[in-house]
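Notes follow the structure.
The values are calculated or read from the model by the stated rules, or taken from the named source; none is laboratory data. Bear in mind that the values here come from a model prediction, so they are computed numbers and not experimental data. Neighbour counts are summed over all protein chains in view; Cβ atoms, including those assigned to glycine, are modelled from backbone coordinates with ideal geometry.
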Amino acid sequence: MSTLSERILGGSAGEYVDRKIDRAYAHDGTGVLALEAWKKMGGNRLAKETELYLQFDHIVPANNGTTATLQHELREFAKSSFMHFSDIGRGICHQLMSEGIALPNEIIVGADSHSVTLGAFGAFATGVGATDMAAIWLTGETWFRVPESVGIHLNGKFTGAAEAKDLALQYVGTLGTDGATYEALEFIGEGAGGLSIDERLVLSNLSVEAGAKAGLFYADEVTVQFLGNRGFTVLPQVPEPCNYTKELAIDLSNIEPLVAVPHRVDTVKPVRDLAGLPIDQVFVGTCTNGRYSDLARFAGRVKGKKVTVRTIVIPASAEVLSETIRTGVLSDIIEAGCTIGTPGCGPCIGYHMGVLGEGEICLSTANRNFRNRMGVGGEIYLASVATAAASALEGEITVPEVV
């Protein structure tokens, strides 16, 4: 019997396979490099049999003239082709692909490491380099070594102020940043079935922080209903007995608010151990925690209050932004003293829209806290939306209240 990765890729763990790609996407950063490589390969056509997407999200609006010029060339290339193109302000590539594009059983590759996010739909989703993406543009195919799989058994339900982000930090902290190198994480058990699509996206998103090639949930009734609301009819994936290289059991009721301290995602501590540490900035957003449910939870905690430290909130997509406007969530966030940015990655990669100064500390809902990532000399603490809201109000790392 097979793991989900083996079923989708059609091979046994350790086997090398060539496979047609169902969907491939790049952004304004990797797309520039992929276009250059495609031209060097003699590219004069695109693989029409593969759905290709180009989404501007990393440095939008452009931060300088050089960036703008490179984006102009890439934009013109995309518009002259049959690529699905998303320009400035439409949102983060992974989020856009989750808004009614990615489907179960598909093989999806993105020219970005956090393409693993889409494993939440029961797809084999993984990141590739720009040169590999250029080859996919040419041929519509690529090769894989079918990964071994790690079974993460989830049981129970969240209690207190714990969120999916805390669970993600928990499993990364347990496995370590290289604990699942070139393996696929499979989130299974009754606890997995009780998670929303947004929560699953968070868990799949951080799988690469444990070195994983992919992080997958089996498509179930939650998936069927979510995609049904988007106009798709899909069937659930039924787990089969299979062999995992290792297994990890986590009781969701034991999860508490956590923080990943600089400069590793797997260096995880309870928020209570760091309570009182002064911060200079709070950042809520990214492909990890910039969805409507995240912003609504944040708004619920800051409504009628005022943040005491600069707080940047960036919706993951234009759809998310529209929903926050429609429901009044955006007004609550702005009235609390927060700043709203253009839908996209924002300061996550340290180019603009909220980079840190030397010695500054940011509490972020993003997925990476590497040295100098958000600004040379700055320090990043990763946490959940609930912890970010509590900390923004106090101006220091704060244990979120149960609401």
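Out of the residues in the range 350-403 that are among the polar types (S, T, N, Q) and not in a loop (DSSP other than H, G, I, E, B), which is nearest to residue 271 (Cα to Cα)?
387
List the strands (runs of 3 or more DSSP E) that sit entirely inside the range 218-291 and contain at least 2 residues that are over 28 Å from residue 181 (Cα atoms).
Result: 281-284.
Do we have any residue at all in the range 383-392 that's surrounded by fewer than 21 Cβ atoms within 10 Å (Cβ to Cβ), of a type outside the set (D, E, K, R) and modelled with pLDDT of 95 or more?
no
Which number in (1) surrounded by 15 or more Cβ atoms within 10 Å (Cβ to Cβ); (2) modelled with pLDDT under 95 marks the one condition that residue 59 misses?
Result: residue 59 fails condition (2) only.
Filter the range 273-320 down to residues that are over 24 Å from the mean Cα position of the chain (by Cα) and of a type in the set (Lys, Arg) and give me whichever is nearest to residue 115 (Cα to Cα).
Taking the candidates together, the pick is 303.
Within the range 93-114, which residues are among the polar types (S, T, N, Q) and in contact with a Cys (Cβ under 8 Å, 6 or more places away or on another chain)?
If the condition is that a residue be among the polar types (S, T, N, Q) and in contact with a Cys (Cβ under 8 Å, 6 or more places away or on another chain), then 95 is the only one that fits.
Could you figure out which of (1) within 18 Å of residue 224 (Cα to Cα); (2) of a type outside the set (D, E, K, R); (3) within 12 Å of the chain's Cα centre (by Cα) isn't true of residue 127?
Tallying (1) within 18 Å of residue 224 (Cα to Cα); (2) of a type outside the set (D, E, K, R); (3) within 12 Å of the chain's Cα centre (by Cα), residue 127 fails exactly one: (1).
In the range 280-289, is there at least one residue being small (Gly, Ala, Ser) and not assigned by TED's automatic domain parsing to the domain that holds residue 188?
yes
Exactly one condition in (1) at pLDDT below 95; (2) of a type outside the set (Gly, Ala, Ser); (3) in contact with a strand residue (DSSP E or B) (Cβ under 8 Å, 6 or more places away or on another chain) is false for residue 48; which is it?
(3)
One line per residue, one yes/no per condition, for (1) under 14 Å from residue 112 (Cα atoms); (2) surrounded by 13 or more Cβ atoms within 10 Å (Cβ to Cβ):
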residue	(1), (2)
24	yes, yes
45	no, no
48	no, no
51	no, yes
72	no, no
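Quick one: which of 109, 116 is under 16 Å from the mean Cα position of the chain (by Cα), buried (at least 24 other Cβ atoms within 10 Å of the Cβ) and in a helix (DSSP H, G or I)?
116
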